[in-house]
Amino acid sequence: MATYKVPVEHSDGFSASQVIMTNADKLLVSTDTPTLAGLNLTNCAVLGANSAVFQPGIDSTTFFQVKNAAGSLIANFNTTNREMAIGDKFGDGYYQFVVTKVSASNCALFTSASGNTSLDINTDTEFGDAYLQFQVSGSGKATIGIDNDDNDKLKFDTTNLGATNRLVLDGSNIGFGEVSPETITEWTSSVPYLTIHNSTHEDTDGGRESRIIAKGEQSGEEETTLGYIEFSHDGAADDQKGKIGIYTNDGSDGDSPTLRMTIDSDGLVDAVGDFTAGTIQADNGADYDGLLSGITNITIVGGVITAVS
């Protein structure tokens, strides 16, 4: 007859003395640890030679738990909601890491602090979407992910995936509010404005500048600036006056193109260049050639043209 010994504590009067478990009486003892081929705990677990299965007779939100020596909860297995939770750091019943099945096609991973969900990693097995969603206090959201319904484009949204299309990466093109950008960047909105902001605090003439720069590469791969448009402060006073400058490369300017035209805060248009071959066209459609011969600077103020040679 085989004899088995396992440590066990009884609440019905047994002391720490040995209790023998045999094939006949199947009692337990408290002085040794046996090697068993298997163990079946009714409505709880089956421990086999090559597998261990924990399954309740009735689902519970606290079916299996792990605690530290002080009794604080470390991990919880919830069979009612199909969740595994780890890390009740704040002792308030909310976990920092939760794996849960939220629907037939979605599996989500949440991190949480005091119940406020902060991260959701979702793989949609039915529709093929995959995304990260950040959320604060159940209100504000930001989502980054692949939208399988829209040709596997990478999207950045301020709500759910594909809801606003704030930023869309479509191949080598980028859309801002545009789901199918046709060029390297496309801005789609009822107010598609582009703002360039110089944060330097200054009142100098030409300061507070912002530029839109166009570059190109020569056949020998040399990269230079073809031209740019510059917006800057007009004058040196502490005011809001602005001016616009148009610059072009004369062929050897490198990255420092030459100023060709300026529009100042008073609406004064000042053009600089060689106007030898210039032509002026009158209101009646007649062309007057050669009138600008030798002119190097033209100023237009209030509809009056002033030419300087």
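Where a number appears in this text, it was derived from the coordinates with a stated rule and is not lab data. Just so it is clear, the structure is predicted and the values come from calculations on it, not from any experiment. Neighbour counts run over all protein chains shown; Cβ positions are idealised from the backbone, glycine included.
Quick notes on this one:
- Label point at residue 204 placed 7 Å out along Cα→Cβ; residues across the stretch 227-269 whose backbone nitrogen lies under 19 Å: 230-245, 256-257, 259
- 3J(HN,Hα) along the stretch 57-70, derived from phi through the Karplus expression 6.51 cos²θ - 1.76 cosθ + 1.60 where θ = phi - 60°, amounts to x, 10, 4, 9, 6, 10, 4, 9, 9, 10, 10, 8, 4, 7 Hz, with x in place of Gly and Pro.
- Fewest-first ranking of 201, 233, using other Cβ atoms within 10 Å as the exposure measure: 201, 233
- Spin-label model, residue 212/residue 253: points 7 Å from Cα along the beta carbon direction are separated by 1.6 nm.
- Under 5 Å, built H, 5+ apart or other chain: amide partners of residue 170: 175
- Candidates per GluC sites (Glu not before Pro) in the stretch 176-214, loop by DSSP, up to 10 other Cβ within 10 Å: 182
- Global geometry of the stretch 156-277, whether rounded, prolate or oblate, following the gyration tensor of its Cα atoms and the 1.5 cut on a/c: oblate
- Scoring 239-248, 189-198 by mean Cβ neighbours within 10 Å over their residues and listing the highest first yields 239-248, 189-198.
- The length gained by stretching the chain between residue 194 and residue 239 to full extension, at 0.36 nm per residue less their Cα-Cα distance, is 13.9 nm.
- Share of Cα-Cα pairs in the stretch 184-226 lying beyond 17 Å, as whole percent: 61 percent
- Label-point separation, residue 160 to residue 135 (7 Å along Cα→Cβ), nm: 1.0 nm
- Neighbour-count order for 150, 238, 120, fewest beta carbons within 10 angstrom listed first: 238, 150, 120
- This ranking places 266, 253, 147 by how few other beta-carbon atoms lie within 10 Å of each, fewest first, which gives 266, 253, 147.
- Overall form of the stretch 211-278 per C-alpha gyration tensor (a/c, 1.5; a/b vs b/c): oblate
- Using a Förster distance of 22 Å, the FRET efficiency for residue 222-residue 172 (Cβ separation, nearest 0.05): 0.40
- Pairwise FRET efficiency - residue 149 versus residue 66, Cβ, R0 = 45 Å, nearest 0.05: 0.65
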